[in-house]
Amino acid sequence: MTRHFLTGTELSAPELDALIERSAQLKAEPLSSRALAGASVALIFEKPSTRTRLSFEAGVHELGGHALVLRSDDLQLSRGESLRDTALVLSRHVAALGVRTGPDTVLRELVQYASIPVINMLSALHHPCQALADLLTIRETRGTLEGVRLAYIGDGNNVARSLALLGGLAGLDVAVASPEGRSLEADLALPHDARGSLTLYTDPLEAASGADVLYTDVWVSMGEEVDPARLRKELEPYRIDDALLDRAAPGAFALHCLPAHPGEEITAEVLYGDRQRIWDQAENRRHVQKALLELLVGANGCDTR
Ligand code: CP
Ligand code: NVA
């Protein structure tokens, strides 16, 4: 059966553990897998990207495959061809499909018709590939994920939601601090086999207090339809700076999915300082996505190793 990766919760807790472990192996030996030898992977971008495009394209190459990077306006999709027909045709040519889009309904419609794995490379609600890289980075630094306290400070967006879901599944205790009206949904349900927890706050100091990891993201996401000036004003108290890191646990470090806006959600001192693992985190996108492609493409019967 074709497996997809839209929210990340398609994985069981043991599968997530194994995927993070495999990512670490692939990081140690980047050219050790030929899982995509002779295969192509299509990557459709309806929104801009630096890290996702780079890491998928380079990662597919390292696995022996070929990446086809397609902007949506390169495709007949932009002239009214249906998602159904696009999925049917792509399935005849490539071993997997990555999609960066707005509405999550686009992804759900594609998986209805695709006979190849569909991977969410960011949607309005989720960014699960980012969360995989975040977990690898935390495990590298702390040696474990179980019981690690992570505080996300900022807009309750796609990145926050994926961290809550996949972090909870992996055993993190996740605190999310956002202003009223920008918080994650109060009834967001963690997967049934989640080993961690999710707690929502409005006070960034309360969330950050005693945390092992502080995490933030841009204040204004791509495609956000609210007034950016108003959002920036609301989020002004939700910044990771040295003072907030001082409130966290000893040895705490900052993460940021990037792109960053130094002076807004994070200070330049933290972004380029010693108390962050942000640049390792950006690199880790490649390693986790290679492990994910191995898992999904292998499960779909296209394992050519
Ligand atoms: N973190 C992330 O997804 O970055 P890009 O938007 O550059 O791909
Ligand atoms: N929340 C951000 C993440 C960018 C990687 C956005 O959706 O624009």
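Every number here is computed from the coordinates shown, using simple stated rules; none is lab data. As the structure is a computational prediction, the values presented were derived from the model and not from experiment. As a convention, Cβ positions derive from the backbone with ideal geometry for all residues, glycine included, and neighbour counts pool all protein chains shown.
Run the numbers on the chain and let me know its relative contact order in percent, using alpha-carbon pairs under 8 Å that are six or more apart.
22
Taking the Cα centroid of the stretch 253-291 and of the stretch 113-148, what is the distance between the two, rounded to the nearest whole Å?
15
So how tilted is helix 278-297 from the main axis of the chain? Cα-based, degrees 0 to 90, rounded to 10.
Tilt of helix 278-297: around 30 degrees.
What number comes out for the charge environment of Pro48, summing +1 per Lys or Arg and -1 per Asp or Glu over other residues with Cβ under 10 Å away?
Working: positive: Lys47, Arg53, Arg71, Arg100; negative: Glu46.
For residues surrounding Pro48, the net value is +3.
Among Tyr113, Tyr238, Tyr201, whose mean-square fluctuation peaks in a Gaussian network model of the chain (Cα, cutoff 10 Å)?
Its mean-square fluctuation being the largest, the pick is Tyr113.
Counting Lys and Arg as +1 and Asp and Glu as -1, each charge on the Cβ, what is the dipole of the chain about the Cα centre in debye, to the nearest 20?
Value, rounded to 20: 920 debye.
Choose one of His256, Gln289, Thr267: the residue whose Cα lies farthest towards the positive end of the charge dipole of the stretch 237-305 (beta-carbon charges +1 Lys, Arg; -1 Asp, Glu; about the Cα centre).
After comparing all options, I get Gln289.
Amide H neighbours of Gly171 under 5 Å, at least 5 residues apart or on other chains, H built in the peptide plane: list them.
Residues meeting the criterion, in which the H sits 1.01 Å from N, are Arg195, Gly196.
Using only Cα atoms and rounding to the nearest 10 degrees, what angle (0 to 90) does helix 13-28 make with the longest principal axis of the chain?
80
Determine the percent antiparallel among the DSSP beta bridges restricted to the chain, to the nearest 5. Don't jump to the answer; show the numbers that get you there.
Numbers: 0 of 35 bridges.
In the chain, DSSP labels about 0 percent of beta bridges as antiparallel.
Using only helices, what value at 222 nm comes out for the chain when you add -39,500 (n - 2.57) per DSSP H run of length 4 or more and divide by the total residues, to the nearest 500 deg cm²/dmol?
Here the helix-only value at 222 nm equals -11500 deg cm²/dmol.
Just to confirm the number: angle between the C-alpha axis of helix 104-113 and the first principal axis of the chain, 0 to 90 degrees, nearest 10?
Rounded to the nearest ten degrees, it is 30.
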